[in-house]
Amino acid sequence: MKKLDLLLLAFIIVFGFSGHGQIEKREEIKVFFLGGQSNMDGFGYNKDLPKSLKKEFNNVWIFDGRRSNDEDGSGGIGIWEKLRPGHGTGFSSTNKENKLSERFGVELTFAKKMQEHYPNEKIAIIKYSKGGTSIHKDAADRFGSWDPTFKGSEGINQYDHFLKTLELASETIDIDNNGIPDRLVPSGILWMQGESDAHDEDIANQYYDNLKLLMTLIRGAFRKGDLPIVIGKISDSWNKESGKVWKYGEIVQAAQEKLAIEDSNVSIIRSTRYYKYSDPYHYDSNSYLDLGEKFACSLLNLINKNSTKSKCE
């Protein structure tokens, strides 16, 4: 299926259009997209979680698309289920069952914080991320690229896997199985990525344009051009013999800051510079717990920026 066809199908399904051109009455559920590379996958250990997060969440559902390489048509498949630990690296899915891992990402504390602010509402998370992926196709290596203009032998890459994830997640009419059709209401994008575009100076210098285009298209897939976006600013562990892990990381960081400055519906998480690491590339468990809360608060502040509600801290 072509990328444009996938987008159109996603528009129709997500927004509940009937065959007669009228919008059906459905139960509204806020939906958030979580995307990027490995620090969005999540390398926190479930064993490190506080008791309050070692549970199945009530009124929070997640569709975590299968991580696949470029040119692999199986990317994005999955099923809806209630959120619980195990959606970090090592997670896998088919169209019948999810196989949870021993790791977690930002989704747990993000959901917890969002529930504090929306205590009487249901929340849905659509996640597709894959470790090592770049936006620029020339930085993809064996991990994959999010370049929406990608034309490989099969024409399939990470951007397509995102579209497939969205399409399949949207096909389920009643994600909470309560007998009432749902309407997923796009409410925000969380993006944690950029490290893989920071190895090469020329590629890093193209990151701003590549990120801006990709975010525009992801917003378009949710049919909301001003959908709030929160970007996790990449950081460096300096845990390498030569010093920095990401040689041109500052260029990517500047691009992320530029997008946040130029777009009033984009904000950036800067606390990442203080995080501890479990290896040269990935944050430790406590850092993912903090990052999820920071994502939630930053997104809530964007959503409520024109209201009188108190700022989320």
Point-charge dipole on Cβ atoms (K/R +1, D/E -1) for the chain, about Cα centre, debye to 20: 820 debye
Taking the Cβ-Cβ separation of D284 and K309 as r and a Förster radius of 45 Å, what is the calculated FRET efficiency to the nearest 0.05? 0.90
If you average 1/r over every pair of different alpha-carbon atoms in the chain and take one over that average, what Kirkwood value in Å do you get? 19.5 Å
For segment 57-135, run through the trypsin sites (Lys or Arg not before Pro) and keep only the ones in DSSP coil with at most 16 other Cβ atoms within 10 Å of their Cβ. K96
Loop GluC sites (Glu not before Pro), segment 105-196, which have at most 15 other Cβ atoms in a 10 Å radius of their Cβ (DSSP): E121, E154
Among W80, P119, I175, whose Cα sits farthest toward the positive end of the charge dipole of segment 64-196 (+1 at Cβ of Lys/Arg, -1 at Cβ of Asp/Glu, about the Cα centre)? P119
Going by how many other beta carbons lie within 10 Å of each one, how would you line up F63, F57, fewest first? F57, F63
Under 8 Å for C-alpha pairs, at least 6 residues apart: give me the relative contact order for the chain, rounded to a whole percent. 22 percent
If r is the Cβ-Cβ distance from N95 to D174 and R0 is 25 Å, what FRET efficiency results, to the nearest 0.05? 0.90
For a footprinting-style exposure proxy, rank D70, D176 by other Cβ within 10 Å, fewest first. D176, D70
√(5λ) per eigenvalue of the Cα gyration tensor, segment 86-218, largest first, Å: 29, 17, 16
Tell me what the chain gives for mean residue ellipticity at 222 nm when only DSSP H runs of n ≥ 4 count, each as -39,500 (n - 2.57), the sum divided by the residue total, rounded to 500 deg cm²/dmol. -9500 deg cm²/dmol
To the nearest 0.05, how large is the calculated FRET efficiency for T149 and K276 if R₀ is 45 Å and r is the Cβ-Cβ distance? 0.75
If we count other beta carbons within 10 Å of each Cβ, what is the order of L289, L49, fewest first? L49, L289
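Quick note: the coordinates plus some simple rules give every number you see, no bench work behind them. Computed from a predicted structure; not experimentally measured. Ideal geometry is used to build each Cβ from the backbone, glycine not excepted, and the neighbour counts take in all protein chains shown.
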